[in-house]
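Enquirer: Before I ask anything, let me first share the structure, which is written out below as structure tokens.
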Amino acid sequence: MSFNTFGKIFRFTTWGESHGPAIGCIIDGCPPNIAISEKDIQKDMDRRRPGQSKFTTQRKESDKVIILSGVFEGKTTGTPISIIIYNEDKKSRDYESIKNKFRPGHADYTYFKKYGIRDFRGGGRQSARETASRVAAGAVAKIVLKKIIGAKFNIVGAVTQLGLMSCNKNNWKNSEIRKNPFFCPDKQSVKLWEKYLMAVRKAGSSCGAIIELRASGVPVGLGAPIYSKLDTDIAASLMSINAVKGVNIGSGMNAAFLSGEENSDEIRKKSGKIKFKTNHAGGILGGISSGQDIVASFAVKPTSSILTSRETIDKKGKNTKISVRGRHDPCVGIRAVPIGEAMISCVILDHLLMHRAQCS
């Protein structure tokens with residue numbers, strides 16, 4: 001399988017399968033002399049790991065990261081950083097009864113038709129288990145960005161819609177996001193979301209979600225105006241996450257409903273500083289960062305593994321039915337928040353390093 005590497009200068013390659021002995025990543029292009037430890041990376045890993053509440057899969061994984069190379073005496077050396085994460089709670093037997101059937105909504109059918117072989121144990125490489133490696137790479141990217149840009153750089157993600165239930169973004173508080181199991185920024189929505197998702201879970205079904213990412217402190221000038229636009233690479237990074245079916249930058253699709261006057265982010269100078277009145281562009285103009293907050297959102301489809309019986313075919317092409325047992329998230333979008341943060345962090349660092357190489 002090709003194309004397991006993401007990025008241009010700051011690059012990472014992920015490896016491993018959902019039910020294999022381990023997963024991990026190799027990070028290339030990380031600047032040297034950056035103080036970093038396994039503890040620093042673990043903070044983000046703990047936000048993504050499964051089994052933390054009744055609203056996520058009950059697979060128990062500590063997702064403990066072990067750095068094998070690229071760090072010496074607490075600092076990066078500029079050489080490849082190799083990270084391994086051992087799988088601890090595999091139950092491959094859960095998939096024995098459906099190993100010859102293609103799960104609707106999953107990539108079982110396309111993987112098999114393309115490669116002629118597939119790992120049926122949790123989906124193997126197609127499993128969202130792979131995203132733990134991305135979060136590890138993203139944690140490294142965040143640390144480097146804080147070192148280069150300074151404390152003003154910050155990135156935060158939150159679930160703004162859970163299935164049919166949206167939150168009031170006017171009530172957005174960063175401090176609330178880590179206080180609830182939904183990564184919800186609106187305290188008033190949490191109780192309603194609890195009832196809603198419990199009903200979805202009890203019905204053996206699932207729901208989707210929308211996640212919004214906000215990156216502040218990003219300097220002006222990141223991105224190339226034609227084939228490596230900052231928003232192009234952000235969109236590609238978010239679309240590469242499992243189960244993501246749509247991405248918006250700024251107002252995104254909603255910009256089509258605005259007039260030219262409404263969509264125009266007017267610019268003024270105040271107290272010696274450049275200010276924008278609005279941010280429909282999501283902090284990116286012509287593929288280049290404007291200095292405003294970069295705002296992106298992405299839609300995650302409902303979890304494809306559900307208890308409800310569905311029609312499908314088997315490997316021989318015969319019609320059959322399938323009901324997926326095992327431990328699955330009723331909404332995979334909840335744990336996608338740290339994954340989205342990781343991917344956008346990797347893109348911003350990649351473009352920052354490219355910018356410094358050409359324009360510093």
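The values are calculated or read from the model by the stated rules, or taken from the named source; none is laboratory data. Being a predicted model, the structure only gives us computed values, none of them experimental. Methodologically, a virtual Cβ is constructed for each residue, glycine included, from the backbone with ideal geometry; neighbour enumeration extends over all protein chains shown. Side chains included, ligands, DNA and RNA excluded: accessible areas come from the protein's heavy atoms. Shrake-Rupley method; radii C 1.70, N 1.55, O 1.52, S 1.80 Å.
Enquirer: Each residue of the stretch 263-276 in order: what ³J(HN,Hα) in whole Hz does its phi give by Karplus 6.51 cos²θ - 1.76 cosθ + 1.60, θ = phi - 60°, with x for Gly and Pro?
Expert: 7, 5, 8, 4, 10, 9, 10, 9, 6, x, 10, 7, 10, 9
Enquirer: If you don't mind, another one. Note down the nm distance, to one decimal, between modelled labels 7 Å out along Cα→Cβ at E38 and at F72.
Expert: Each label point lies 7 Å from its Cα, and together they span 2.0 nm.
Enquirer: Right, next: Starting from the residue with the highest accessible area, list T312, T13 in decreasing order, probe 1.4 Å. Show your work: numbers first, answer last.
Expert: Details: T312 20, T13 45 Å².
Listed by decreasing accessible area, they come as T13, T312.
Enquirer: How large is the accessible surface of L68 in square angstrom, using a 1.4 angstrom probe and rounding to the nearest 10?
Expert: 110
Enquirer: A further question on this structure: Please give the length that would be gained between K152 and K270 if that part of the chain were fully extended, namely 0.36 nm times their separation in residues minus their C-alpha to C-alpha distance (nm, one decimal).
Expert: 40.5 nm
Enquirer: Given a 1.4 Å probe and heavy atoms of the protein chains only, how would you sort W193, W15, largest accessible area at the top?
Expert: From most accessible down to least: W15, W193.
Enquirer: For the stretch 140-146, what does the Karplus curve 6.51 cos²θ - 1.76 cosθ + 1.60, with θ = phi - 60°, yield as ³J(HN,Hα) per residue in whole Hz, taken in order and with x for Gly and Pro?
Expert: Calculated HN-Hα couplings, in order: 5, 4, 4, 5, 5, 4, 4 Hz.
Enquirer: Sticking with this structure for a sec: Nothing charged except the Cβ atoms of Lys and Arg (+1) and of Asp and Glu (-1): what's the magnitude of the dipole of the chain about its Cα centre? Round to the nearest 20 debye.
Expert: So the magnitude is around 840 debye.
Enquirer: For the stretch 95-197, just say rounded, prolate or oblate: build the C-alpha gyration tensor, square-root its eigenvalues into a ≥ b ≥ c, call rounded for a/c under 1.5, and beyond that prolate if a/b exceeds b/c, oblate if not.
Expert: Taking the square roots of the gyration eigenvalues as a ≥ b ≥ c, the stretch 95-197 is oblate.
Enquirer: In debye, nearest 20: dipole of the stretch 80-164 around its Cα centre with unit charges on the Cβ of K, R (+) and D, E (-)?
Expert: 180
Enquirer: Working with all protein chains in place, sort K101, K195 by solvent-accessible area computed with a 1.4 Å probe, largest first. Could you put the intermediate results ahead of the total?
Expert: Working: K101 55, K195 150 Å².
Sorted descending by solvent-accessible area, the residues read K195, K101.
Enquirer: Given a 10 angstrom Cα cut-off, can you work out which residue in F55, F72, F102 is the most mobile in a GNM of the chain?
Expert: F72
Enquirer: Keeping the other protein chains in place, figure out the carbon and sulfur percent of the accessible area of the chain, with a 1.4 Å probe.
Expert: Taking all protein chains in place, the chain shows 52 percent carbon and sulfur surface.
Enquirer: Now, a different point. Which Cα, out of C207, S133, N168, lies furthest along the positive dipole direction of the chain (beta carbon charges, K/R +1, D/E -1)?
Expert: Final value for the positive-end residue is C207.
Enquirer: Given a 1.4 Å probe, how much area per residue of the chain is accessible, in Å²? If you can, show how the numbers build up before the last one.
Expert: Working: 17710 Å² over 360 residues.
Computed with neighbouring chains in place, this is 49 Å² per residue.
Enquirer: Please determine, in degrees from 0 to 90 and to the nearest 10, the orientation of helix 38-48 with respect to the longest principal axis defined by the Cα atoms of the chain, where the helix direction is its Cα long axis.
Expert: With rounding to tens, the tilt is 60 degrees.
Enquirer: Of I313, I284, V332, which is farthest along the charge dipole of the chain in the positive direction, counting Lys and Arg as +1 and Asp and Glu as -1 at C-beta?
Expert: Of the options given, the answer is I313.
Enquirer: Compute the acute angle (0 to 90°) between the alpha-carbon long axis of helix 230-239 and the principal axis of greatest extent of the alpha-carbon atoms of the chain; round to the nearest 10°.
Expert: Approximately 10 degrees, to the nearest 10.
Enquirer: Still on this structure: Tell me whether the stretch 221-291 comes out rounded, prolate or oblate; compute the Cα gyration tensor, take square roots of the eigenvalues as a ≥ b ≥ c, and use a/c under 1.5 as the rounded threshold.
Expert: Verdict is oblate for the stretch 221-291.
Enquirer: Which whole-number percentage describes the relative contact order of the chain, with Cα contacts under 8 Å and a sequence gap of 6 or more?
Expert: 22
Enquirer: Counting only the heavy atoms of the protein chains, how much of I249 is accessible to a 1.4 Å probe, in Å² to the nearest 10?
Expert: Accessible area of I249: about 40 Å².
Enquirer: Kindly flag which residue pairs out of K8/K270; K142/K191; K113/K318 have an alpha-carbon separation exceeding 26 Å in this structure.
Expert: With Cα atoms farther than 26 Å apart: K8/K270; K142/K191.
Enquirer: Only Lys, Arg, Asp and Glu count, each charged at its Cβ (+1, +1, -1, -1), so figure out the dipole size of the stretch 246-359 about its Cα centre, rounded to 20 debye.
Expert: Dipole magnitude for the stretch 246-359 comes out near 440 debye.
Enquirer: On the full set of protein chains, 1.4 Å probe, figure out the accessible area of K64 and give it in Å² to the nearest 10.
Expert: About 120 Å², ignoring ligands and nucleic acids.
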